[in-house]
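Quick notes on the structure that follows.
Just so it is clear, none of the values below were taken in a lab; they were calculated from the coordinates. The structure presented is a predicted model; accordingly, all values stated were derived computationally and were not measured. Cβ sites come from the backbone with ideal geometry, for glycine too, and all protein chains shown count toward neighbours.
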Amino acid sequence: MVKADSTRIAEIERGGVPRLAIVEKAPVGLVAELARPLTISKELLVTWKRNQGFADPAKAVEFARSLERCFGRFAFPDDFNRSISPLLNKLRDGYGRENAEMGRVARSLAEIRVRPSAAWDTEEVRVRFYLILKPEDQREANLEEINSAFEKVLAKLIWQGGLSIDDPSLQLGTYDDFLARDYIESVALDINALSFAARYVANG
């Protein structure tokens with residue numbers, strides 16, 4: 001556990017510090033530093049009193065996702081990262097702005113995933129984006145607005161290497177609308193304040 005002030009904690013809750021995570025029942029001002037593991041002997045461990053870190057199961061899931069994010073993030077090819085940088089910039093810039101179109105769109109999504117048509121090191125790869133929607137009552141933009149906003153940005157991307165956009169470029173739906181194969185064969189596009197954020201702060 002390491003110390004963090006209120007500003008840092010708010011940043012962590014927005015998903016902006018992948019190496020740090022919130023433990024619900026930790027002492028005030030302390031957070032878990034995931035990137036600094038420590039080996040403990042069994043002999044020492046059995047002498048410690050066990051303290052439950054979470055009372056809320058949802059918060060425990062958030063912590064598990066923080067671990068996933070810290071240690072399991074996919075390393076996209078450099079050509080892909082360079083190609084989609086304008087999209088990432090728009091999503092990051094808009095997310096914390098309450099009235100920004102891309103902000104409302106981003107806050108309506110539970111997750112963005114990317115599915116390549118072939119292995120990433122293949123000579124030619126077409127890319128499709130899966131936009132997984134939050135429940136309807138949690139969305140700030142409707143389907144038409146979400147689709148239009150992404151299509152406008154995707155149409156302007158300059159793809160590098162052997163990458164190109166797939167046809168169709170987008171697929172929208174809730175988790176119930178996607179096949180298990182779609183999910184397994186795609187990769188989360190980890191945008192700090194979106195894919196793994198614990199909460200959204202309007203003035204953040």
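Structural remarks
- Here r is the Cβ-Cβ distance between Leu172 and Ala118 and R0 is 22 Å; the resulting FRET efficiency, rounded to 0.05, is 0.40.
- Pairs from the list Lys59/Lys156; Lys59/Lys152; Lys49/Lys134; Lys3/Lys42; Lys3/Lys90; Lys90/Lys134 with a Cα-Cα gap above 28 Å: Lys59/Lys156; Lys59/Lys152; Lys49/Lys134; Lys3/Lys90.
- Linear extension gain, Thr47 paired with Ala155, 0.36 nm per residue minus alpha-carbon span: 32.9 nm
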